[in-house]
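Below: the structure, in structure tokens.
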Amino acid sequence: MKFIDTIKNIWKIEELKNRILVTLGLLLVYRFGAQVVLPGIDASELANLGTQTQDGLLGLLNAFTGGAFANASVFALGIMPYISASIVVQLMGIAIPYLQKLQKEGESGRKKINQITRWLTIAITLVQGPGYIYNLFATLPPSAFSAEISQTVFVVSSVIIISTGCIFAMWLGEKITDKGIGNGISLLIMVGIIATLPQSFVQNFSSRVSGDGGGMIMVLIELVIWFVIILASVLLVMAVRQIPVQYARRTAGGGYEKNVFGSRQYIPLKLNASGVMPIIFAQAIMFVPAAAAKLSDSDFSQGVAAEFSDIFGLWYNVLFAVLIIVFTYFYTAITVPTNKMADDLKRSGGFIPGIRPGSETSEYLDRIMSQITLPGSIFLALIAIFPAIAVKLLNVQQGWALFFGGTSLLIMVGVAIDTMQQVNSYLLNRHYDGLMKTGKNRKAVA
């Protein structure tokens, strides 16, 4: 079979094989750590915490940590503080000149930004850690905690352990990126999400085949819809618009020949240039209404808190979709430098046919990005809120519905495509066909 031949070719490349083994080994370490319960907690008394994280915002957080949140694990916060720190640093880069300067310094600047992100990650874990521990006191029965350890000692030691666990997870992600294959941080999140998939599917399957759940027909319909959503997510991740570019041929004196042009090339502009970042930004904002409403005891505030604590509710998803569209435009504007693209084209003698080089090219690229960002942002918002549609219209179990769209599915699709592309580049560089082709040995080009 072609697929088996491709796997054999992957195994023949020593460097690629070693990188894959390193990646799998470090991911296994991460998953093992997610099962290690904090010292001083009885693992058999975690039923209430599991119930708390079955749905709602905490259920979503538990899915991202691969169940470590509900296990009161040393990796309870997962890699999420690092993600939060990365978002904050990116946003600060817009307003702080020092960070803007670092972004322009290439590799040395990137290393300094990474160091700032690490220190900010530690600060965030020291804030979130105590909150998680006090949530354990409020959720678990007193018998879940060891009587031999005082509360003060338990809180201090647990915060240190959770913070260390987050830092260790961050280190694992960076090592995967350096020594393994794919983006390590993204892979840790993806593995955590996938870890909860089998259990969620089994629970949904059981509810369908028992009683009046619809039986196997509904299970098959759900699977078909799931695969369609996956294909739509792949399209969203990979869809681009090609902008044609022509280049004038240089003369011996360093100028350009008049009316003579070299080969035509293209600028690929993605339909969704911001990836899943708008969803992550919007998800972070969606914690605010419920938290703010809980500060008041009025009936209106309690109603708002209840409405925005339900991630499958109407108003939650309406606001969620609007924020995603807004953040898609915002993030695209700060990550797609149309001015720099236009300047680079002008310096290299390139131009877009019918458009003058310089400011007109920049305005044209900016206009094109605005046009393709609108359908891209709406498409992204629809995929993000599809879990709620699956729950309300198809009566899908909430845990399984999280895999029908949203951040979970887009992360899995995006990370899988990125990792496959890296493996594909190794195969092509060693004169093998890529993953999407036959996998046979290619003739070396002289």
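Residue by residue, the range 268-275 carries 3J(HN,Hα) couplings of x, 10, 6, 4, 10, 6, 9, x Hz when phi is fed to the Karplus relation 6.51 cos²θ - 1.76 cosθ + 1.60 (θ = phi - 60°); x denotes Gly or Pro. Couplings 3J(HN,Hα) of the range 383-391, computed from phi: 5, 5, 9, 4, x, 5, 5, 5, 5 Hz, in residue order, whole Hz [Karplus 6.51 cos²θ - 1.76 cosθ + 1.60, θ = phi - 60°; x for Gly and Pro]. Taking Ala321, Ala144, Ala70 as the candidate residues, the one with maximal mean-square fluctuation in a Gaussian network model of the chain, Cα springs under 10 Å, is Ala144. Applying 1/(1 + (r/R0)^6) with R0 = 51 Å to the Cβ-Cβ distance of Phe32 and Arg367 gives a FRET efficiency near 0.50.
Between amide H atoms placed 1.01 Å from N, distances below 5 Å from Arg241 occur with Leu269, Lys270, Leu271, all of them 5 or more places distant or on a separate chain.
Its DSSP H runs of at least 4 residues, each contributing -39,500 (n - 2.57), put the calculated 222 nm mean residue ellipticity of the chain at -22500 deg cm²/dmol, to the nearest 500. Descending by average beta-carbon neighbour count within 10 Å, the peptides 336-348, 186-198 line up as 186-198, 336-348, the highest first. Treating r as the C-beta distance of Val318 and Val209 and R0 as 35 Å, the FRET efficiency rounds to 0.55. Taking Cα atoms only, the orientation of helix 299-309 departs from the longest principal axis of the chain by about 60 degrees.
Here the 3J(HN,Hα) profile of the range 122-127, calculated from phi with Karplus coefficients 6.51, -1.76 and 1.60 at θ = phi - 60°, is 4, 4, 5, 5, 5, 8 Hz, Gly and Pro shown as x. Taking a point 7 Å out from the Cα of Lys392 in the direction of its Cβ, the residues of the range 283-324 whose backbone N falls within less than 12 Å of it are 311-321. Compared with the direct C-alpha span, the chain from Ala284 to Asn429 gains 48.1 nm at full extension, assuming 0.36 nm per residue. Could you work out the relative contact order of the chain, using alpha carbon pairs under 8 angstrom and six or more residues apart, expressed as a whole percent? With pairs under 8 Å counted, the relative contact order is 19 percent.
Computed about its Cα centre, the charge dipole of the chain is approximately 2380 debye, with only Lys, Arg, Asp and Glu carrying charge at their Cβ.
In a fully extended conformation the segment linking Lys8 and Ile225 would gain 74.8 nm over its present Cα-Cα distance, using 0.36 nm per residue. Close amide H pairs (under 5 Å, H built 1.01 Å from N) link Ile311 with Gly56, Leu57, residues at least 5 positions away or on another chain.
When the chain is treated as a Gaussian network with alpha carbon springs shorter than 10 Å, the biggest mean-square fluctuation among Gln35, Gln421, Gln302 belongs to Gln302. Computed from Cα positions, the angle between helix 215-238 and the longest principal axis of the chain comes to roughly 40 degrees.
Toward the positive end of the charge dipole of the chain, with +1 on the Cβ of Lys and Arg and -1 on the Cβ of Asp and Glu, the farthest Cα among Thr152, Tyr329, Ile385 is that of Tyr329. Computing the accessible area with a 1.4 Å probe over protein heavy atoms, can you report the carbon and sulfur percentage for the range 41-112? On the range 41-112, the fraction of accessible area on carbon and sulfur atoms equals 57 percent.
Extension gain, Leu126 to Tyr98: 0.36 nm times the residue separation minus the Cα-Cα distance gives 7.5 nm. Only Cα pairs within less than 10 Å get springs; with that Gaussian network setup on the chain, which residue of Asp297, Asp310, Asp178 has the largest fluctuation? Of Asp297, Asp310, Asp178, the Gaussian network model singles out Asp297 as fluctuating most. At R0 = 22 Å, how high is the FRET efficiency between Phe137 and Ala291 if r is their beta carbon distance? Nearest 0.05 is fine. Result of the calculation: an efficiency of 0.70.
Annotation: per residue accessible area for the chain equals 52 Å², rounded to a whole number [probe 1.4 Å, protein chains only].
Taking the Cα centre of the range 111-228 as origin and assigning +1 to Lys and Arg Cβ atoms and -1 to Asp and Glu Cβ atoms, the resulting dipole is close to 480 debye. Given the pairs Lys17/Lys111; Lys111/Lys179; Lys111/Lys340; Lys270/Lys340, which span a C-alpha to C-alpha distance of over 25 angstrom in this model? Beyond 25 Å: Lys17/Lys111. Per-residue accessible area (protein heavy atoms, 1.4 Å probe) orders Leu24, Leu394 as Leu24, Leu394, starting from the largest. Note down the net charge around Gly376, summing +1 for each Lys or Arg and -1 for each Asp or Glu among other residues with Cβ under 13 Å from its Cβ. Net of charged neighbours comes to +2. Here the range 339-365 is scanned for amide nitrogen atoms under 18 Å from the site 7 Å beyond the Cα of Val240 along Cα-to-Cβ, giving 339-342, 344-345, 351-353, 365.
The values are calculated or read from the model by the stated rules, or taken from the named source; none is laboratory data. Just so you know, these numbers come straight off a predicted model, no measurement behind them. Heads up, the Cβs are rebuilt from the backbone with ideal geometry, glycines too, and the neighbour counts pull from every protein chain shown. All accessible areas refer to the heavy atoms of the entire protein, side chains included, with ligands and DNA or RNA removed. Shrake-Rupley method; radii C 1.70, N 1.55, O 1.52, S 1.80 Å.
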